[in-house]
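Asker: The structure that follows is given in the form of structure tokens.
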Amino acid sequence: MKQVKLFLLAAFSLLSVSVFAHDRTDSIKVYGECGMCKKRIEKAAAIDGVKKVDWNVDTKMLVVTYNSEKTTLDAIQQKITAVGHDTEKYTANDNVYNKLPGCCHYDRKPAADGQKKSDAGSKEAAHNHN
Ligand SMILES: [Cu+2]
């Protein structure tokens, strides 16, 4: 019995260590198409403070573990858009996107509310009930 209690105590201490280490794990959508995109996205996301990064080619979700005292999710997303991939919050530059290899030309992120170019565009979007 005493050993069980000691084991539980040890398990709880490990748990608190990970809570105080400022590590965060977030899932964000990153637009991409193939295995080459995966390498490019993961390489771009692996900045200082990022501990683990994995992009899923099927779900287009990037799971990233990082030290929240060293970097932010915004900084990571900006690095990803810099190599041509749209993310949940940021949009890549068209010129960078156009330079990607053909197999990597994923469907661009639909324009968000603030990014609509004209009134006509927003009316069209309003009728588009997908
Ligand atoms: Cu690709």
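The values are calculated or read from the model by the stated rules, or taken from the named source; none is laboratory data. Just so it is clear, the structure is predicted and the values come from calculations on it, not from any experiment. Neighbour counts are summed over all protein chains in view; Cβ atoms, including those assigned to glycine, are modelled from backbone coordinates with ideal geometry.
Asker: Answer yes or no: is there a residue in the range 35-53 that is of a type outside the set (D, E, K, R), loosely packed, with under 14 Cβ neighbours inside 10 Å, at pLDDT below 95 and in a helix (DSSP H, G or I).
Answerer: No.
Asker: Just the residues that are in a helix (DSSP H, G or I) and either surrounded by fewer than 20 Cβ atoms within 10 Å (Cβ to Cβ) or among the charged types (D, E, K, R) (or both), please, taken from the range 64-82.
Answerer: If the condition is that a residue be in a helix (DSSP H, G or I) and either surrounded by fewer than 20 Cβ atoms within 10 Å (Cβ to Cβ) or among the charged types (D, E, K, R) (or both), then 73, 74, 75, 78, 79, 82 are the ones that fit.
Asker: In the range 31-81, which residues are touching a His at 6+ places or on another chain (Cβ under 6 Å), small (Gly, Ala, Ser) and more than 16 Å from the ligand (Cβ to nearest atom)?
Answerer: If the condition is that a residue be touching a His at 6+ places or on another chain (Cβ under 6 Å), small (Gly, Ala, Ser) and more than 16 Å from the ligand (Cβ to nearest atom), then 68 is the only one that fits.
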